[in-house]
Amino acid sequence: MKILLVYPRYPDTFWSFRYALKFINKKASFPPLGLLTIAAMLPEDWQLKLVNMNFRGLKNRDIRWADYVFISAMVTQRSSARELIARCNKLGAKVVAGGPLFTTEYEDFSGVDHLVLDEAEVTLPPFLDDLKTGNARLIYTSTERPDITKTPIPRWSLIDMKHYSSMNIQYSRGCPYNCEFCDIVVLNGHKPRTKDKNQILAELEALYQHGWRAGVFVVDDNFIGNKKKLKKEILPAIINWMQKRKYPFVLLTETSINLADDEELMRLMVDAGFDTVFIGVESPNEESLAECDKHQNEGRDLIAAVKKIQNYGIQVQGGFIVGFDSDPLSIFKSQISFIQKSGIVTAMVGLLNAPRGTKLYQRLKKERRLLDNFSGDNTDCSINFIPKMKYETLVNGYKHILKTIYSPRQYYERVKTCLKEYRPKKKKGSSRLRFYHLVAFIKSIWFLGIWGKGKRYFWKLMLSTLFRRPRSLPLAISLSVYGFHFRKVAEKCVRLPVTGMATIGEANKTSR
């Protein structure tokens, strides 16, 4: 059997890092972990090819070669996935689709021969069994939450690692929280399920043996969902492995803000090689946090929590949202002030949307405020419901946030604030300079220091870092490169027209 695994293209968003990748001659941030894991579940005697459309064109001969084309996609890849399916249909190729996009929206897709939905550890084996006997059904679905200790190591041999800026692995699925707007519990459940230490070490070792020596993103919904197991078993094992290998990887992951409450956990994470976490801060407005059930963020000094994490040697990237019913007109100014004071350099600000299956989706449907499907990109100025705030006010306020926080002066000031708070722990091996670091430095001088917008702020940052925190100079350069990407995306968003919002009557028709 010949299987072509295809990953559709992402639009240009904050998370694509497409403009920043050019500085280090990389083509994508992360490989398609889902497809690589699926590949490891397929029979060993099958012939497999993988095409990541984010940097490689898909040729007709690739499609014609395959007996089946396997597609996995996130919601934001919807448009590319549709085009891909239509192309496969035109060429007569059979399509098998799965992943978050199809799991939540499978009814909206025609032209797919087999839908293998939900978690593949449960739904893929029966599909493969039926395929052997020629009796494969259209849909395979299950509400079962599988034991992920049986999930195989991704099939890294299918990719050329040199094209990527980071690799990725998964330790757990599910989140103990249930935020109204989040679809994690819909896809992966409320109770965190984890792999064991031997499994995680085997996955790290596999990357090591394939020659990888850079960043590794632990792509969990909430890495600290099971703190007890992390502290007792997983992190000590990773620390031992990393010390023996002289820290070949720098780790990053996603956590909740209550990481700041556990000093032992922060120390262990830093000792294990973690230097960055993404945290959903969402809003500095208490009423908005209460509205969306973000209880872990309520009643605390969020800026102090962020700075405490930074002080322990972990950079904080943050997610922020505007568009809650409880947002006052001052929310735009409050978000800007919070982001600048916190020193969160990578501040992903988006408009609130309601993904299918979420509590927010169900509430808005009941209130007859739903509009079209969520685009998957919460930075494209679209929302899929009627907001309480006037739509034009909301979108213009959102654009004002992006225009402000990613303007050169505010952005470089935020980098300086971050560097003041961030106190990394030096480890052997992890800070080793590589050739692409030199390339990035030269390109940053040219594009940011000579021809860049706000070049005087760039040089002020470089010089102050060189004289006050010379060890932080590589990080200052990296964050400056990120800023170039963020500005490009923000400028594109700010230029989008503010279109008229649908009426409540039109929302009522959609909700029915």
Computed ³J(HN,Hα) along the range 379-385: with the Karplus parameters 6.51/-1.76/1.60, θ = phi - 60°, integer Hz and x for glycine or proline, the list is 10, 9, 6, 9, 9, 10, 7
Quick check: the distance between the Cα centres of the range 145-209 and the range 433-482, to the nearest angstrom? 33
Can you work out the FRET efficiency for the pair HIS400 and LEU201, with r the C-beta to C-beta distance and R0 = 35 Å, to the nearest 0.05? 0.15
Taking K and R as +1 and D and E as -1, what net charge do the other residues with C-beta under 13 Å from the C-beta of LYS228 add up to? +1
ALA86 to HIS190: FRET efficiency via 1/(1 + (r/R0)^6), r the Cβ-Cβ distance, R0 25 Å, to the nearest 0.05? 0.10
Cysteines (scope the chain) whose Cβ has no counterpart Cys Cβ under 4.7 Å: CYS88, CYS175, CYS292, CYS381, CYS418, CYS493
Net charge near ASP262, counting Lys/Arg +1 and Asp/Glu -1 over other residues with Cβ under 15 Å of its Cβ? +4
Using θ = phi - 60° and the Karplus curve 6.51 cos²θ - 1.76 cosθ + 1.60, what whole-Hz ³J(HN,Hα) does each residue of the range 254-261 get, with Gly and Pro shown as x? 10, 9, 8, 5, 5, 4, 5, 7
So, in nm, how far is label LEU463 from label ASP67 when the simple model puts each one 7 Å beyond its Cα toward the Cβ? 6.7
Points 7 angstrom from Cα along the Cβ direction at ARG137 and VAL494: gap in nanometres? 5.3
How long are the three semi-axes of the equivalent ellipsoid for the range 173-277, computed from the Cα gyration tensor as the root of 5 times each eigenvalue, in whole Å, largest first? 24, 15, 12
Binned Cα-Cα distances of the range 1-141, short to long, each 10 Å bin given as a whole percent: 11, 44, 35, 9, 1, 0
For the range 3-83, compute Rh as the Kirkwood radius over C-alpha pairs and then the Stokes-Einstein diffusion coefficient at 4 °C and 1.567 mPa s; write the answer in µm²/s, rounded to an integer. 95
How much length, in nm to one decimal, is gained on full extension between ASP372 and GLU233, taken as 0.36 nm per residue of separation minus their Cα-Cα distance? 45.5 nm
Could you state, as a whole-number percent, how many of the C-alpha pairs of the chain are farther apart than 38 Å? 26
Work out which helices of the chain, taken as complete DSSP H runs, extend at least 24 Å along their axis over the Cα atoms and score a mean Kyte-Doolittle of 0.0 or more, then list them. 473-495
Largest first and to the nearest Å, give the Cα extent of the range 338-439 along each principal axis. 56, 29, 26
Cα-based reach from LYS26 at 19 Å (exclusive), listing lysines while leaving out same-chain residues under 8 positions away: LYS162, LYS443, LYS488
For every helix of n ≥ 4 consecutive DSSP H residues, a contribution of -39,500 (n - 2.57) applies; sum these over the chain, divide by its total residues, and give [θ] at 222 nm rounded to the nearest 500 deg cm²/dmol. -12000 deg cm²/dmol
What does the C-alpha gyration tensor say about the overall shape of the range 119-212? Classify as rounded when a/c is under 1.5, otherwise prolate if a/b is larger than b/c, or oblate. oblate
For the range 242-308, radius of gyration divided by Kirkwood radius, i.e. Rg to Rh on alpha-carbons: 1.08
Could you work out, for the range 292-361, what percent of all Cα-Cα pairs fall into each 5 Å distance bin, beginning at 0 Å and stopping at the bin that holds the largest distance? 3, 13, 22, 26, 19, 11, 6, 1
Can you give the Rg to Rh ratio for the range 340-392, taking only C-alpha atoms and Rh from Kirkwood? 1.06
Spelling it out for GLY350: with amide H atoms placed in the peptide plane at 1.01 Å from N, the residues 5 or more places away or on another chain with amide H under 5 Å from its amide H are PHE320, ILE321, VAL322
Normalised convex hull volume, the range 165-421, alpha-carbon set, Å³ per residue: 128
So what is log10(I(q)/I(0)) for the range 264-403 at q = 0.14, 0.17, 0.18, 0.22 1/Å, when the Debye sum runs over its Cα atoms only? -0.69, -0.96, -1.04, -1.38
Neighbour cut-off at most 13 other Cβ (10 Å), DSSP loop, trypsin sites (Lys or Arg not before Pro), the range 340-430: LYS388, LYS390, LYS425, LYS426, LYS428
For the range 64-127, average projected area of the Cα convex hull in nm²: 4.2
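Readers should treat all values here as calculations from the given coordinates under stated rules, not as data from a laboratory. What you see is a predicted model; the values in this text were computed from it and never measured. When we count neighbours, we look across all protein chains shown, and the Cβ atoms used for this are built from the backbone with ideal geometry, even at glycine.
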